């Protein structure tokens with residue numbers, strides 16, 4: 001009987017911990033999305049003031065061009081940074097999911113989700129080169 | 001200035017609709033950008049990719065704890081869509097898109113027909129006498145709290161290999177053609193794997209963001225993404241998707257299905273005809 005109670009208490013502890021972890025993850029994701037939205041908004045307001053993006057109107061975009069633009073606070077570069085942060089939010093989602101499965105002691109899904117992350121990073125890398 | 005306001009408004013509507021239906025919003029955004037505003041298709045596709053991610057992430061942050069989506073199903077199937085998406089991007093120019101348009105067009109039309117059958121049948125069968133062994137092994141069976149019905153719904157997942165195959169094909173199609181990011185996923189989850197509609201649309205929402213991120217850097221660095229188009233659109237969508245995600249939870253599943261049927265028929269027909277070179 002005591003054994004069973006101890007087991008129930010243990011399960012309850014894990015589910016409470018899971019709930020806390022889920023809320024924390026929700027907050028991390030929310031902050032990530034809000035940060036990218038704020039950067040986009042700042043860039044957009046800056047465009048209204050500057051009147052131009054400071055980026056070439058067509059052709060490939062390089063990291064160097066964006067970085068140079070950021071140093072002189074060119075609105076186009078700030079907007080591109082915001083968009084890049086937005087592109088990274090699903091990656092953040094995958095990363096925090098690995099942690100959630102780890103807390104849940106679900107090793108099968110820690111592996112599956114890690115595999116997704118590896119494929120995703122590979123794809124992000126291919127896209128750049 | 002007018003263009004900016006239109007972008008924000010289009011984004012808001014696309015975000016609400018996308019989050020409710022689990023679609024990427026390309027069906028609303030691409031025609032508005034290309035037909036109504038005369039924007040080059042290249043930039044419209046770039047904006048669409050950003051729109052998909054914004055819809056997905058906006059829907060994600062509506063709730064701190066999402067009790068509807070099925071994270072295990074999402075992550076397991078994401079392996080197939082992301083590999084498919086990479087393969088699609090590599091095969092671009094090698095594989096003829098005609099066959100893909102025909103196959104996926106027909107699949108979507110079948111899916112629409114299947115949804116009408118489900119509407120006619122009334123209540124959905126969510127529990128089977130013999131649970132699917134693969135779904136059990138992968139712990140995919142789950143439950144969700146339905147706000148409209150005010151009850152917790154337990155459900156089982158079936159035909160995992162078929163769902164995975166459709167997801168792989170959907171990945172190839174979205175990498176190769178840049179289309180159907182959400183429609184194919186809802187189809188795989190709802191029609192093939194027999195998940196209830198609400199977990200299907202919200203799981204599709206999560207997945208399409210991850211799949212789109214896999215191909216987004218290509219578009220980001222090749223100049224397809226124009227900040228003046230993508231930024232106001234994304235801001236509108238983020239707000240819209242957050243609202244849509246909340247609306248979806250209180251809408252009865254039946255209504256969502258009724259809205260879904262004509263849209264899926266339209267996308268399916270559009271794709272099928274595109275296989276024969278007809279654009280509608």
Any hit, region A:98-105, residues being closer than 22 Å to residue B:84 by Cα and touching a residue at least 12 places away in the same chain (Cβ under 8 Å): yes
Residue identified as surrounded by 24 or more Cβ atoms within 10 Å (Cβ to Cβ) and farther than 27 Å from residue B:251 by Cα among B:89, B:51, B:47: B:47
Qualifying residue in region A:31-44 (condition: surrounded by 13 or more Cβ atoms within 10 Å (Cβ to Cβ), at the interface with chain B (Cβ under 10 Å from one of its Cβ atoms) and in contact (Cβ under 8 Å) with a residue 60 or more places away in the chain): yes
Any chance residue B:256 is in contact (Cβ under 8 Å) with a residue 40 or more places away in the chain, in a helix (DSSP H, G or I), under 13 Å from the mean Cα position of the chain (by Cα) and away from chain A (no Cβ under 13 Å): no
Filter result (within 13 Å of residue A:109 (Cβ to Cβ), in a loop (DSSP other than H, G, I, E, B) and within 7 Å of chain A (Cβ to nearest Cβ)) within region B:62-71: none
Subset of region A:70-103 [within 10 Å of chain B (Cβ to nearest Cβ) and either under 13 Å from residue B:78 (Cα atoms) or surrounded by fewer than 17 Cβ atoms within 10 Å (Cβ to Cβ) (or both)]: A:90, A:91, A:93, A:94, A:97
Residue check, residue B:239 touching a residue at least 24 places away in the same chain (Cβ under 8 Å), within 14 Å of chain A (Cβ to nearest Cβ) and either under 24 Å from residue A:78 (Cα atoms) or surrounded by 22 or more Cβ atoms within 10 Å (Cβ to Cβ) (or both): yes
Hey, residue B:74 modelled with pLDDT of 85 or more and within 11 Å of chain A (Cβ to nearest Cβ) or not: yes
Residue list for region B:200-237, filter: modelled with pLDDT under 85 and outside any helix (DSSP H, G or I): B:222, B:223, B:224
Hey, residue A:19 touching a helix residue (DSSP H, G or I) at 6+ places or on another chain (Cβ under 7 Å) and at the interface with chain B (Cβ under 10 Å from one of its Cβ atoms) or not: no
Region B:36-61, residues that are more than 9 Å from every other protein chain (Cβ to nearest Cβ) and closer than 17 Å to residue B:20 by Cβ: B:51, B:52, B:55, B:59
Residue under evaluation residue B:74, criteria (1) over 30 Å from residue A:24 (Cα atoms); (2) in a helix (DSSP H, G or I); (3) in contact (Cβ under 8 Å) with a residue 12 or more places away in the chain, criterion not met: (1)
Single unsatisfied condition, residue B:46 versus (1) in contact (Cβ under 8 Å) with a residue 12 or more places away in the chain; (2) within 23 Å of residue B:189 (Cα to Cα): (2)
Pairs, first surrounded by fewer than 17 Cβ atoms within 10 Å (Cβ to Cβ) in region B:93-112, second assigned to a helix (DSSP H, G or I), C-beta under 6 Å, six or more apart: B:98/B:275; B:102/B:275
Scope region B:150-166; condition touching a helix residue (DSSP H, G or I) at 6+ places or on another chain (Cβ under 8 Å), in a loop (DSSP other than H, G, I, E, B) and over 14 Å from residue B:187 (Cβ atoms); matching residues: B:156, B:157, B:158
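The values are calculated or read from the model by the stated rules, or taken from the named source; none is laboratory data. Predicted, not measured: the structure shown is a model, and the values here were computed from it. Here Cβ is always computed from backbone atoms with ideal geometry, including for glycine, and neighbour counts include all displayed protein chains.
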